[in-house]
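Any read-out appearing in this document is the output of simple, stated calculations on the displayed coordinates, not a laboratory observation. Small disclaimer: the values here were computed from a predicted structure and weren't measured. Cβ placement follows ideal geometry from the backbone for every residue including glycine, while neighbour counts extend to all protein chains displayed.
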């Protein structure tokens, strides 16, 4: 049984902790956070050990896997610690804030001969898997134009997270934090990107807790893709995908694909509190973490591979460069 | 009663304009069409006289014409109508080149006739409502717009470059560009486009992704692709716009008032639009501007500015770089 130590008890940390418990072949052993209240609260809910000494997780000989659930700028430091201490490492997306860090992380893990996977969780969303399968089965013929959309309100999980998400140098805004998901999925489906042109608000509105970006990708295969990323949309996450080909079209909107929609009458008012609980037998986070566990147990590359995560970052950084300079950015 | 001549039924929208004109009490007295069959059919349907020569139609006592020919002939017919002193309602895109568009504007100005470009989307009650909401600052400051004008591949002269001037880009860029300009009251200053032929075996573009920068830093994208499957898609296409403002977002889907039909013989679902007929407002505004002698509500300049974006998109895709507008 592989033992997991989690670093970071914030939003993604609390999601992962619940999901690690459903992964076969592993056991979540400890939760670490420099904020002892957060670590204690989350670990307490699950009846686990906790610590505010995050380095103790790396020293702990019984820990096989470290799960880095920290803000982007800390990814490199902690992944390198994992490599140094020969612990397999799972890391939240995006892999890093810049290419040099990403490369150092990938190289260190390779050298240490440990498994390394980045949480591009969209690859584990059933709708995105199904769409990819349909494309591969030829259902839409040759793909012409693809549109993706990922829209949500500004992340406000805690005052600390709001602070780093609104700092462009730390988060990279929607292009890096949100569109990284779609860029990774698009690369998974359509291969490598040739050039990128994007527009976004990161440089002028991120500080005021708004970001929005529209990015056009041209793939080597000729496919044209348009990705929308928004932290300007009040309300819960909405995603959409449209894949148009010469034989057909796939259309998906998360808003129209909810199996449950609940409206609760508010006392003294006819306006309803609306809930749309997710309803799936297995969460995409469980599937994602299971893939990583399996890659260790079966001693193989995980999907996405470290190279995949690096290339997806490259696309996001190219989009950011285009947003900043206004120019077309070609990928090398 | 205003007497109108139709200069070609080549564009399918003209049938709808003619129907609206008749409903509004205008009289269609003459029809010119280089396709005799089509022209005679139109003349018969609207109880008008068929003319094989448009010059003869222009020498009758009509006050105005509807130019509905192939795009490449808009200039010839508009200039001839202007010189004959007839007001012009011209189908979009206004022309196939900037030079032609400028010549049309000049001819109509010199001859003191009205030139209106057929951008019926401006007459959608939903679009008018959104324009008002923006004017009322409902969304705060507008930061970005995401637009689409998808369609099926129309075939016919639309895919012959000599007649249409281009494919999906020239066909489907101008409507939403015009809506953006009209709603924002701002002009496009830079255009970038990826353009290709990926859906049909054609020698003309059938898909694109266009990015525009407006004065004041607003950016927008527009997908003008003929990407709706011709046989299986339940509708002709769409006109959508999403607005991002400092206070919130707004989604506009101009033709979303529709029902879905599942029919055993059609073997596909079909959407039926039941919203207002936007052509009616367009045609009425044209007649009103003649009766009241007021400026064209959608001018030749509006047509030129929308065309400019389409032309810039083609240039951009060719050089693979953003292109500045207006052209020098």
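On a C-alpha basis, how far is the centre of segment A:61-137 from the centre of segment A:201-217 in Å? Whole number, if you could?
25
With everything on Cα atoms, drop me the angle between helix B:278-291 and the longest principal axis of chain B, reported from 0 to 90° to the nearest 10.
50
Take each of the peptides B:168-177, A:60-69, average the number of other beta-carbon atoms within 10 Å over its residues, and list them starting from the highest.
Working: B:168-177: 27.5, A:60-69: 20.9.
Order by mean packing, descending: B:168-177, A:60-69.
At a temperature of 10 °C and a viscosity of 1.306 mPa s, determine how fast segment B:3-113 diffuses translationally according to Stokes-Einstein, using the Kirkwood radius over alpha-carbon pairs as Rh; express D in µm²/s, rounded to the nearest whole number. Before the final figure, lay out the partial values.
Details: Rh = 13.5 Å.
It comes out at roughly 117 µm²/s.
Please report the relative contact order for chain A, taking Cα pairs under 8 Å with a sequence separation of at least 6, and give it as a percent rounded to a whole number.
Working: 685 pairs, mean separation 62.9, N = 332.
The value is 19 percent.
What distance in nm lies between label points placed 7 Å from Cα along the C-beta direction at residue B:106 and residue B:138?
Going from the residue B:106 label point to the residue B:138 one covers 4.3 nm.
Once fully extended, how much extra length lies between residue A:251 and residue A:129, figured as 0.36 nm per residue of separation less the alpha-carbon to alpha-carbon distance? Working shown, then result.
On the way: separation 122, 0.36 × 122 = 43.92 nm, distance 1.38 nm.
Roughly 42.5 nm would be gained on extension.
For segment A:187-241, what's the radius of gyration and Dmax over Cα atoms, in angstrom?
When restricted to the Cα atoms of segment A:187-241, Rg and Dmax are 13.4, 38 Å.
For a Förster distance of 45 Å, can you work out the FRET efficiency between the beta-carbons of residue A:157 and residue B:49, rounded to the nearest 0.05? Spell out each step's value before the answer.
On the way: r = 73 Å, r/R0 = 1.62.
Calculated value: 0.05.
What FRET efficiency comes out for residue A:301 versus residue A:15 if R0 is 30 angstrom and r is the Cβ-Cβ distance? Round to the nearest 0.05. If you can, show how the numbers build up before the last one.
On the way: r = 24 Å, r/R0 = 0.81.
It comes to 0.80.
May I ask what percent, to the nearest 5, of DSSP beta bridges between residues of the protein assembly as shown are antiparallel? Walk me through the numbers before you get to the answer.
On the way: 66 of 118 bridges.
That works out to approximately 55 percent antiparallel.
Going by a ≥ b ≥ c, the root eigenvalues of the Cα gyration tensor, does segment A:101-186 fall in the rounded group (a/c under 1.5), the prolate group (a/b larger than b/c) or the oblate group? List each step's numbers first, then the result.
Values: a/c = 2.46, a/b = 1.29, b/c = 1.91.
It comes out oblate by the Cα gyration axes.
Rounded to two decimal places and with Rh computed the Kirkwood way over Cα pairs, what is Rg over Rh for segment A:2-119? Before the final figure, lay out the partial values.
Details: Rg = 13.1 Å, Rh = 13.9 Å.
That ratio is 0.94, to two decimals.
If one computes the Cα centroid of segment B:268-324 and of segment B:51-74, what distance in Å separates the two points?
20
By how many degrees, between 0 and 90 and to the nearest 10, does the Cα long axis of helix B:300-319 differ from the longest principal axis of chain B?
Between helix and principal axis, roughly 50 degrees.
Please say if the protein assembly as shown is rounded, prolate or oblate, where rounded means a/c under 1.5 for a ≥ b ≥ c the square roots of the C-alpha gyration tensor eigenvalues, and otherwise the choice is prolate for a/b larger than b/c and oblate otherwise?
Working: a/c = 2.49, a/b = 2.39, b/c = 1.04.
It is prolate, given that a/c is not under 1.5 and a/b is the larger ratio.
Using every Cα-Cα pair within chain B, state what percent have a distance larger than 32 Å. Spell out each step's value before the answer.
Working: 15099 of 53628 pairs.
Of the Cα pairs, 28 percent sit more than 32 Å apart.
Determine the shielding of peptide B:317-328 by partner chains: average, over its residues, the number of Cβ atoms on other chains within 10 angstrom of each Cβ. Intermediate results must be reported in sequence, preceding the final value.
Working: counts 0, 0, 1, 5, 3, 4, 0, 0, 0, 0, 0, 0.
For this peptide, the per-residue mean of nearby foreign Cβ atoms is 1.
Hey, can you rank A:22-28, A:78-84, A:158-164, B:263-269 by average C-beta count inside 10 Å, highest first?
On the way: A:22-28: 16.7, A:78-84: 22.1, A:158-164: 12.7, B:263-269: 8.9.
Going from most to least packed, we get A:78-84, A:22-28, A:158-164, B:263-269.
So for each of B:315-327, A:184-196 I average, over its residues, the number of other beta carbons within 10 Å; can you give me the resulting order with the highest mean first?
Working: B:315-327: 15.4, A:184-196: 20.1.
So the peptides B:315-327, A:184-196, ranked by packing, come out A:184-196, B:315-327.
Could you work out how far apart the two model spin labels at residue B:24 and residue B:284 are, taking each label as a point 7 Å from the Cα in the direction of the beta carbon, and quote it in nm?
Rounded to a tenth, the inter-label distance reads 0.9 nm.
If I model a spin label at residue B:277 and residue A:167 as a point 7 Å from the Cα along the Cα→Cβ vector, what separation in nanometres do I get?
Once both label points are built, they end up 6.2 nm from each other.
Give me B:280, B:219, A:90 sorted ascending by neighbouring Cβ count inside 10 Å, so fewest comes first.
Working: B:280 18, B:219 23, A:90 28.
Listed from fewest to most nearby Cβ atoms, that is B:280, B:219, A:90.
Grab the DSSP H runs of the protein assembly as shown that are 4 residues or longer, score each as -39,500 (n - 2.57), total them, divide by all residues and round the 222 nm result to the nearest 500 deg cm²/dmol. Please report the intermediate quantities before stating the final value.
Numbers: 24 runs with 242 residues, N = 660.
Value at 222 nm, helices only: -11000 deg cm²/dmol.
Per the Kirkwood formula on distinct C-alpha pairs, the Rh of segment A:122-330 is how many angstrom?
Working: mean 1/r = 0.0539 Å⁻¹.
That comes to 18.6 Å for segment A:122-330.
For a paramagnetic label modelled at 7 Å from the Cα of residue A:220 toward its Cβ, which residues of segment A:294-332 fall within the zone defined by backbone nitrogen distances under 12 Å?
What the label zone holds, given the 12 Å backbone N cut-off, is A:331-332.
By counting other Cβ atoms within 10 Å of each Cβ, how are A:93, A:311 ranked from fewest to most? Intermediate values should be presented prior to the final figure.
Numbers: A:93 24, A:311 20.
With the sparsest Cβ surroundings first, the list reads A:311, A:93.
With r defined as the distance between the Cβ atoms of residue A:238 and residue B:292 and R0 fixed at 60 Å, what FRET efficiency is calculated, to the nearest 0.05? Don't skip to the end; give the middle numbers.
Working: r = 46 Å, r/R0 = 0.76.
The calculated FRET efficiency here is 0.85.
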